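Student: Sharing a structure with you now.
The values are calculated or read from the model by the stated rules, or taken from the named source; none is laboratory data. These figures come from a predicted structure and were not determined experimentally. Glycine also receives a Cβ, built like all others from the backbone with ideal geometry; neighbour counts cover every protein chain displayed. With ligands, DNA and RNA removed, areas are computed over all heavy atoms of the protein, side chains included. Shrake-Rupley method; radii C 1.70, N 1.55, O 1.52, S 1.80 Å.
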Amino acid sequence: MILAALLVMSCISDETQAQTTNYETMTTKMYITIDGRTEAVTLANNSATQALVAKLQEASVTVTLNSSGGFEIWGALGFSLPTSNEQVNAQPGDIVLYNGNNICIFYGTNSWNYTRLGKIDGLSESELRTFLKACESNISVTLSLNNPTGISQVRSDNTTSRAYTLQGTLAQAGHKGIVIQNGEKIIR
């Protein structure tokens, strides 16, 4: 009986170790950018993420995703990745591979057979819904290995033209030096 108990405990320990291995993370971060806002992703450590990182080392990937079922945005990657599907109880922020060539990013919960890719770092469920544009269609999502910095998009509010210093403050009327006005550098 003791031998049987030890054997069962050994099998359970091996199974637990295998499950733990699936949840190990990579040191490489991926970044997701939507409408000029970028969030970091901790990647799972598996063959799918290794292939994805290799693809992203060549160039960033932009995909168009759509909301579905009130819990995710998803769409075709445009290429396939290796799968290691398992029953996943996806939580807000989880990123998974579906059918080898679709990416799903969750702002709600769902349970299905997926390959884990990663998890968006540090956002609450409501923050995820906003960032991921929950319930919208044709969401342009860029996946990259670099965290973009600087100004990504400038929009005009069609008000009177104001001049700004290089530090981003409003340039007063008597300001001397370089200013930005109507998207152009001007020397006063």
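Student: Expected output is a single nm value to one decimal: the length gained when fully extending between residue 146 and residue 91, i.e. 0.36 nm times separation in residues minus the C-alpha distance. What is it?
Tutor: Length gained between residue 146 and residue 91: 17.3 nm.
Student: Cross-link partners among lysines for residue 119, C-alpha distance below 23 Å, same-chain residues fewer than 8 apart left out?
Tutor: 29, 55, 133
Student: Sticking with this one: Note down the net charge around residue 103, summing +1 for each Lys or Arg and -1 for each Asp or Glu among other residues with Cβ under 14 Å from its Cβ.
Tutor: For residues surrounding residue 103, the net value is +1.
Student: Further question on the same structure: Any idea of the accessible area per residue across region 65-106, 1.4 Å probe, to the nearest Å²?
Tutor: In whole numbers, region 65-106 has 38 Å² accessible per residue.
Student: So, in nm, how far is label residue 161 from label residue 175 when the simple model puts each one 7 Å beyond its Cα toward the Cβ?
Tutor: Between residue 161 and residue 175, the simple spin-label model gives 1.5 nm.
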